[in-house]
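Contents: one structure, followed by commentary.
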Amino acid sequence: MIEWPAFHRLNDAQALQGRIDRRLSALAWASLILAAASGAAWLVVVASNMGGMPPISALRGGVVGTVLAQTRFGQVWAIRAALIVVLALCLALQRSTLKHVAAWIGLGAAAAFVAALAWAGHGAATEDVPFDALHLPADILHLLAAGAWLGALLPLVIFLVHARRDSSAQAVNVARATTLRFSVLGLSAVGTLLATGVVNTWFLAGSVPALLGTLYGQLLLLKIFFFAAMIAVAGVNQRRLLPCLDDVTTDGPVRLRACGQIGRNASIEASLGILVLAVVAMIGILTPGLHTEPRWPLPFRLDFSENPPIVPAYPTSFYASTQSYAAPSVARGAPLYANNCTVCHGAGGRGDGPLAAKLPIRPADLTEPHLFAHKVGEIYWWISYGRDNGVMPGFAGKLNPDERWDLINFVLARAAGVLTRDVGSSISTTAAPVPDFAFEQNGAQNTLSQTLKSGPVLLVLFETRAPRARLEQLTRLEDSPNARLHVIAVGPSPATERVPAIVAVSQDVRIALALFRSPSDGDETELMLDRSGNVRLRWTARGAGGLADTATLLADAARVATIPVAAANHAGHAH
């Protein structure tokens, strides 16, 4: 029998320790058996889900073996199974001469058993390497802190129950020493859980919409509620009862009652901990909140750019488009707009369609800059279910969700194209985003977004014959030392002239980019895009001052390169 630290310098306490040891040993073996059984069930369920078959079929069909041999989950499961064997051996050696060595090995094996769960969770799936260096360690520390706190609560209850029943001064001193030691452990664990919990919440549900509008976020809030309740119960023990138990001058009966109250509170704390684990189990099988569309539950949201900052909201206010803002989506949206929206909003989107004069509320001008002040999720709601008390009808029954997003991308691209016409040879502070598109250049495939990662782009749009002399001039400029400008030229048909700047694109790309030209541009428009794809400068062949000279282009490109890239969501989504 190992002499626990709480029994140091106490005489005649062997009987008490023996009773507690037996209970702790039974608890340890029961926990180990439960871990083994639940782990086996977990493996079968995962294999069943991966194989798309009932659990019995997964066992008979060899899917379990495939999961163990070919998946990271299987590798983690095998490691944890081996650690269970190590823990069983350590428990079996507790009454041998190797009990001290077994105890330390068991402690390490238990910590590894708990920490290994991190590699089966979301923390190990983080794809962004800089964030991965933070997320996975935070997940490991969170698991270790939770295991230490919750794992020590039941033994603490056992200590306190036996001390209360013994009712001797020796037993009260044991309870005092045990509770003080647990207090240090609990404070350290709670601090670690708070810090790592913030990190994990940021990665998996790092926004208010994701917390309030997804089942994952709502369960996470429930977990936080139970955790806060645990802290509140622990606070009562720490501030009110522990000082009474620690004061050796207090009467014995008073200290004994404090011991009983601490035990009852610890039982409540342990019960709340079990509820936390139950919620965590449900969260573990859900997609993280940041990867789920949040359905906003409130009729308002905060927008501090408005006065007052409380503005109306809709269930889809925080939706992100399922169709990326790219040329194919814009091209698909053009006929959808023509067939469903032109009659009210007009062919050009200015709210002057054939039925506009007959409506009690004039249709919105869909080319105004204020369009970009609305969240795309709110536009999606209006297109789906209408607005202005039915003046604008809903199209949820006519257009599927992807078609509605294509329609939105077309409307946004056209508004950006109209907004671009007000951009001149001075850097614009208004962002007018060009849709992403794919192109082929010198036999290689590329995209606008990928090219923008290395610096600004000069997008040259022409309609008839390629401006060969100008493009050769721009190509030499692009190839010059210290130039931070890429040139992409797009014409009306596949490139037939051997000019490096001209790229081959699909008809969808030509349809989308035509929105960024004007009839009076003299057959050529040049747009300088920042690294986020926004038009910052514009020149036309027929515009005042004509096209920019090379020195101006280089100077402007250097300034545009300093414009910060639009912040991307840390979880990898672009909203």
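FYI, it's all coordinate maths here, none of it is from the lab. Predicted model only: the values in this text are computed from it and were never measured. Glycine gets a Cβ as well: all are built from the backbone with ideal geometry, and neighbour counts include every protein chain shown.
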Give the Rg (one decimal place) followed by the Dmax (whole number) of region 263-422, computed from C-alpha coordinates and expressed in Å.
-> 21.3, 78
Helical contribution to [θ] at 222 nm, DSSP H n ≥ 4, -39,500 (n - 2.57), averaged over the chain, rounded to 500 = -18000 deg cm²/dmol
Estimated FRET transfer efficiency (SER426, ILE285; beta-carbon r; R0 56 Å; 0.05) = 0.55
Expressed as a rounded percentage, what relative contact order does region 438-560 have, with Cα pairs under 8 Å and six or more residues apart?
-> 29 percent
So between ALA356 and SER454, what do we pick up on full extension, going 0.36 nm a residue minus the alpha carbon distance?
-> 30.7 nm
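Normalising by the residue count of the chain, find the relative contact order in percent from Cα pairs under 8 Å and 6+ residues apart.
Relative contact order here is 9 percent.
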Which lysines have a Cα lying under 25 Å from the Cα of LYS223, excluding residues fewer than 8 positions away in the same chain?
-> none
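Taking the Cα centre as origin and putting +1 on Lys and Arg beta-carbons and -1 on Asp and Glu beta-carbons, what dipole magnitude results for the chain, to the nearest 20 debye? Show your work: numbers first, answer last.
Values: 45 positive and 39 negative charges, 371 e Å.
With only Lys, Arg, Asp and Glu charged at Cβ, the dipole is about 1780 debye.
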The farthest towards the positive end of the charge dipole of region 146-304, of the residues LEU185, ALA228, SER167, given +1 on Cβ of Lys and Arg and -1 on Cβ of Asp and Glu, is SER167
Could you rank the peptides 46-54, 439-447 by their average count of other C-beta atoms within 10 Å per residue, with the highest value first?
-> 46-54, 439-447
What residues have an amide H closer than 5 Å to that of GLU524, excluding those fewer than 5 places away on the same chain, when H is modeled at 1.01 Å from N in the peptide plane?
-> ALA541, ARG542
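Please grab the % of Cα pairs in region 359-445 that end up more than 16 Å from each other.
Summing the P(r) of region 359-445 above 16 Å gives 63 percent of all pairs.
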Test item: Cα-centred dipole of region 204-285, Lys/Arg +1 and Asp/Glu -1 on Cβ, debye = 100 debye
In debye, nearest 20, what is the charge dipole magnitude of region 1-120 about its Cα centre with +1 on Lys and Arg Cβ and -1 on Asp and Glu Cβ, if you could check?
-> 80 debye
Is region 438-560 best put as rounded, prolate or oblate by its Cα gyration tensor, with a ≥ b ≥ c the root eigenvalues, rounded for a/c under 1.5, and otherwise prolate when a/b is larger than b/c, oblate when not?
-> rounded
Rough spin-label spacing in nm, given labels placed 7 Å along Cα→Cβ, for ALA514 and ILE84 | 6.5 nm
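Could you list VAL457, VAL565 so that the one with the fewest beta carbons within 10 Å of its beta carbon is first and the one with the most is last?
In order of increasing Cβ crowding within 10 Å: VAL565, VAL457.
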Between (i) -0.19, -0.65, -1.39; (ii) -0.37, -0.87, -1.28; (iii) -0.27, -0.84, -1.37, the structure-derived log10 I(q)/I(0) by the Debye sum over Cα atoms at q = 0.05, 0.09, 0.13 Å⁻¹ is (ii)
Where the centroid of each part is defined by its Cα atoms, how far is region 506-520 from region 16-55 in Å?
-> 63 Å
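Sort 78-90, 376-388 by the packing proxy (mean of other Cβ within 10 Å over each peptide's residues), most packed first.
Details: 78-90: 16.8, 376-388: 19.2.
Per-residue mean Cβ counts within 10 Å order the peptides as 376-388, 78-90.
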Work out the charge dipole of the chain with +1 on the Cβ of Lys and Arg and -1 on the Cβ of Asp and Glu about the Cα centre, then indicate which of ASN49, ASN400, VAL114 is farthest towards its positive end.
-> VAL114
Give, as a single signed number, the net charge of other residues whose beta carbon lies under 12 Å from the beta carbon of THR562, with Lys and Arg counted +1 and Asp and Glu -1.
-> +2
Between ARG19 and ALA195, how many nm apart are label points set 7 Å from Cα along the C-beta direction?
-> 4.0 nm
Only Cα pairs under 8 Å and at least 6 apart count here; give the relative contact order of region 128-282 as a rounded whole percent.
-> 33 percent
Lysines whose Cα lies under 28 Å from that of LYS453, excluding same-chain neighbours fewer than 8 positions away | LYS375
Cβ-based charge dipole, region 300-420, positive-most Cα from GLY333, VAL311, ALA413 | GLY333
Going through the DSSP H helices of the chain, which span 18 Å or more along their own axis at the Cα atoms while scoring at least -1.0 as a mean Kyte-Doolittle hydropathy?
-> 14-51, 72-92, 99-115, 129-166, 169-205, 215-236, 252-284, 327-340, 401-420
